[in-house]
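The values are calculated or read from the model by the stated rules, or taken from the named source; none is laboratory data. No experiment lies behind these values; they were computed from the predicted model shown. Cβ atoms come from the backbone with ideal geometry, glycine included; neighbour counts cover every protein chain shown.
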Amino acid sequence: MSSSDAFGSLAALFTTGGNGASRDGAPTPAVGEVTVALVGNLPVMAGPWMSQFADEVARGAGPTALVRFERDEVTVELLRADGRQVPPAGPGALARWLPRAASGVRRWVLCVPADTPPEEVLAVGQGMVLLTGADEAAVTGAYLRLKYLADRGINDGAPVSHVGLVVVGAAPEAAAAAAQRVADAARGFLGIEVEALAPLQRVGRVESSARAVYAAADCPDLVGFASELSRARAAGSSRFDAAPVPMEPAVEPKPVVSAAPAPVPAPVAPAIPAPAPVAADPVVAPAPAARPAPAARPAPAYAALPVAQLPERLVPLLRGLRPLGIACPVAHEVELALDDERRMHIVGRADQLARVRIAHTWATMHRELLGMAFPELKGGFEVRERILLGDAREAITLHGTGVLLDVLVVAETPSGPVSVVLPLNDPTTAG
């Protein structure tokens with residue numbers, strides 16, 4: 001590649017065409033109120049891409065603060081903040097500024113460098129977004145970054161289940177392909193659902209309201225900053241998100257009108273009934289026939305069983321499965337079983353999809369060891385993920401995930417209630 005071609009490729013990342021008008025109407029990244037932004041392998045420099053990402057967040061959500069934690073300094077930048085300012089540098093300046101800023105800034109993006117230990121990232125306890133490029137090295141690096149987080153989360157007993165992904169510096173088709181590769185690998189091997197957010201194709205002009213750099217020694221670290229921010233946001237009033245309290249309409253006092261006293265009715269003498277004629281033979285009227293009681297409505301044949309009432313062990317409820325007799329050491333709450341065709345089934349509940357997929361990854365990694373322990377698995381190794389539901393409505397969020405879905409219902413029979421498991425899909429329709 002000639003120097004002119006390289007310069008042209010570099011310049012293309014910083015040109016939007018039409019002063020950024022191409023972004024009008026484009027989707028903005030949907031993130032939470034506080035988000036940890038992870039820096040992956042990005043084209044050119046990370047700083048401009050992070051400002052571009054925060055500006056896109058602010059374009060859809062309002063005033064946004066980008067806080068970048070680096071080795072020796074902390075940078076705070078306000079995007080689309082309507083003239084709001086940050087304090088001058090000094091010891092404790094950020095800590096004193098947070099209570100006032102918490103009520104005016106709608107989104108906070110905490111950017112951490114690539115060498116930040118996973119335990120510090122997870123200790124923040126907020127949603128995560130990973131920014132990455134679309135080339136081969138960037139896709140591999142994104143997966144490895146997620147793997148480090150997933151391994152640490154499992155060791156800490158708090159597995160990572162969801163991460164947002166923003167692909168930068170690539171055409172829409174290349175960005176979509178890279179995001180799909182990362183999502184497929186993370187879902188299949190790490191049990192993490194990766195949500196592809198709106199990509200950033202170029203670096204354009206951002207609406208930065210203020211920017212300041214502080215010495216790291218004068219600021220709290222990442223975990224401390226997140227903790228102080230959480231307290232400030234809890235104590236401060238949110239004049240953006242709080243719904244206005246409707247005011248009661250003023251009620252004018254009614255004028256008092258003196259009314260004339262109501263006339264007292266004259267007493268009426270009680271009526272004396274005339275004596276009844278004496279009949280020769282009294283006639284006794286027949287008693288009315290009793291109306292038949294309405295027939296009771298038959299009880300429904302099936303009644304949904306709430307998920308909280310599912311039995312402790314699920315495999316005995318599924319026909320054709322027998323327990324494997326061991327538990328997955330990294331996801332012990334799900335169950336392992338074998339079917340009649342020597343396939344392994346990993347069974348969990350509606351809220352355990354991520355744990356089922358972690359067990360799937362573990363089983364795949366140790367397939368040879370499992371084959372030595374269980375001769376049924378030597379001829380082939382096929383794993384099926386299975387979720388048992390207590391309410392069929394829970395299948396809405398699991399449809400199309402590739403998981404076999406069953407629902408446990410109660411059938412009323414003359415001899416009493418009987419538990420029945422009904423399949424909701426099959427391997428061809430699971431997705």
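With respect to the stated conditions, E368 is at pLDDT below 90 and outside the structural domain of P159 (by TED's automatic domain parsing). Taking A327, is it touching a helix residue (DSSP H, G or I) at 6+ places or on another chain (Cβ under 6 Å) and either in a loop (DSSP other than H, G, I, E, B) or without any contact (Cβ under 8 Å) to a residue 24 or more places away in the chain (or both)? Criteria not met by A327. Looking across region 60-100, the residues that are under 32 Å from the mean Cα position of the chain (by Cα), of a type in the set (G, A, S) and either crowded, with 21+ Cβ neighbours inside 10 Å or under 15 Å from L222 (Cα atoms) (or both) come down to A65, A81, A95.
Out of L149, L165, one residue alone is outside any helix (DSSP H, G or I) and modelled with pLDDT of 90 or more. It is L165. Given the condition in contact with a strand residue (DSSP E or B) (Cβ under 8 Å, 6 or more places away or on another chain), without any contact (Cβ under 8 Å) to a residue 60 or more places away in the chain and either not in a loop (DSSP other than H, G, I, E, B) or not assigned by TED's automatic domain parsing to the domain that holds P63 (or both), answer yes or no: does some residue in region 107-127 qualify? For region 107-127, residues in contact with a strand residue (DSSP E or B) (Cβ under 8 Å, 6 or more places away or on another chain), without any contact (Cβ under 8 Å) to a residue 60 or more places away in the chain and either not in a loop (DSSP other than H, G, I, E, B) or not assigned by TED's automatic domain parsing to the domain that holds P63 (or both): absent. Scanning region 382-396 for residues that are of a type in the set (G, A, S) and assigned to a strand (DSSP E or B) turns up nothing. Restricting region 184-196 to residues that are of a type in the set (A, V, I, L, M, F, W, C) and under 16 Å from the mean Cα position of the chain (by Cα) leaves a set whose member that is nearest to T361 (Cα to Cα) is I192. Scanning region 51-74 for residues that are closer than 19 Å to V203 by Cα and either of a type in the set (V, I, T) or not assigned by TED's automatic domain parsing to the domain that holds W108 (or both) yields V57, T64, V67.
Consider region 122-168 and keep the residues that are within 16 Å of the chain's Cα centre (by Cα) and small (G, A, S). The one that is nearest to E33 (Cα to Cα) is G127. Within region 150-203, the set of residues being at positive phi and either touching a Cys at 6+ places or on another chain (Cβ under 9 Å) or in contact (Cβ under 8 Å) with a residue 40 or more places away in the chain (or both) comprises G169, G191.
Does H399 satisfy the condition of being at pLDDT below 85 and either assigned to a loop (DSSP other than H, G, I, E, B) or crowded, with 19+ Cβ neighbours inside 10 Å (or both)? Yes: the conditions hold for H399.
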